[in-house]
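Some notes on the structure that comes next.
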Amino acid sequence: MKKICLLSLFVCIFNFGYGQNREPLQFPEGVVQEMDIVYATVDDVEMKLNVYWDPRITEKQPLVVFVHGGGWRRGTKDRPREAIRLLNHGYTVASISYRLSGVAKFPAQIIDCKAAIRWLRANADQFNYDPGRIGVWGASAGGHLVAMLGTSGNHTDWDVGENLEYSSKVQAVVNWFGPTDFMRMNDIPGKIDHFAADSPESLLIGGPIQEHPEKVKAANPITYIDDEVPPMLIMHGEDDDLVLPNQSILLYEALVEVGHTPELLLLGGQGHGGSSWHLYFPYVRAFFDKTLKH
């Protein structure tokens, strides 16, 4: 079995839970911010995305799509955080919105993510990136959704709406501390009772998770693992008491069991995200360089 890597870095962190980093974004000179592009319309609601690109670059670049967290019930596409740093390293970046759990229940969120990937692939020439090299990166609830994108590439039931002639498959996945098996999130007591009717997971599927095992299974990325799952980097803080590290270990072990070689980094002294996670950007960049550039 591929060895799990444990990184011990003891630093003072600000724990943002399911929320967003509020630090101002720094965009490289020459980057154009194409904001609020409508990629789909669902029940008269416009679903939007942003694309950050440099029109001066003539060579087609890989695209990395950031999916925000927020417990599937809040969050914004307009703060793609660390992903913006990829603009300095030969990437185009997009960030997407999706229907939140107060608006629609699962699988609406993954349906929207797949629709966004199809739109981005259909419009690659407009922004001069390579439609055959699309990676995704998400944190917390966004980590769950990018894991779902990675494992469900051949699950076509969620490909509905526009641009169906284009694939919603992705070529690389970075999952930062995303949930995997909702039923195992209470294995160790933490800050959230995930069995509660008002937990983020229960609100996502439309009822207490223990009363809806089939819906929980449908929302588990492990359910869809097959031979074609793309490379995946999974990173999780060992001290995370909102989403237990077992969630990443479960996904890692399920991928290894069928012959994949994911990378799992368990970060000593780290909780559920925080201001120090920018220190791990080099691991993400190296992973995308390896999977999308080479």
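When you filter the GluC sites (Glu not before Pro) in region 33-83 for DSSP loop state and at most 15 other Cβ atoms inside 10 Å of their Cβ, you are left with 59. Entry note, region 63-134: relative contact order of 33 percent, from Cα contacts under 8 Å with a spacing of 6+ residues.
Calculated mean residue ellipticity at 222 nm for the chain: -6000 deg cm²/dmol, from DSSP H runs with n ≥ 4 weighted as -39500 (n - 2.57), summed, divided by the residue count and rounded to 500. Separation of region 196-217 and region 232-277 by C-alpha centroid, Å? Value for the Cα centre distance between the two parts: 22 Å. Taken as Cα centroids, region 82-153 and region 28-59 sit 12 Å apart, rounded to the nearest whole angstrom.
The length gained by stretching the chain between residue 59 and residue 239 to full extension, at 0.36 nm per residue less their Cα-Cα distance, is 60.6 nm. Working note: Karplus 6.51/-1.76/1.60 with θ = phi - 60° gives region 71-82 the couplings x, 6, 10, 7, x, 9, 6, 7, 10, x, 6, 4 Hz, where Gly and Pro are set to x. Here is the list for region 169-268: GluC sites (Glu not before Pro) lying in DSSP coil, each with at most 13 other C-beta atoms within 10 angstrom of its C-beta, are 228. In percent, how large is the relative contact order of region 135-265, given Cα pairs closer than 8 Å and 6 or more residues apart? It comes to 29 percent, rounded to a whole number. Phi-derived couplings, Karplus 6.51 cos²θ - 1.76 cosθ + 1.60 at θ = phi - 60°, listed residue by residue for region 188-195: 10, x, x, 6, 10, 8, 6, 7 Hz, with x used for Gly and Pro.
Summary value for the chain: 22 percent relative contact order, contacts being C-alpha pairs under 8 angstrom separated by 6+ residues. Here the label points at residue 275 and residue 73, each 7 Å from Cα along the C-beta direction, are separated by 2.7 nm in the simple model.
Read-outs: derived from the displayed coordinates by stated rules, not from any lab. Everything numeric in this text was worked out from a predicted model, so none of it was measured. For neighbour counting, all protein chains shown are included, and Cβ atoms are generated from backbone atoms with ideal geometry for every residue, glycine included.
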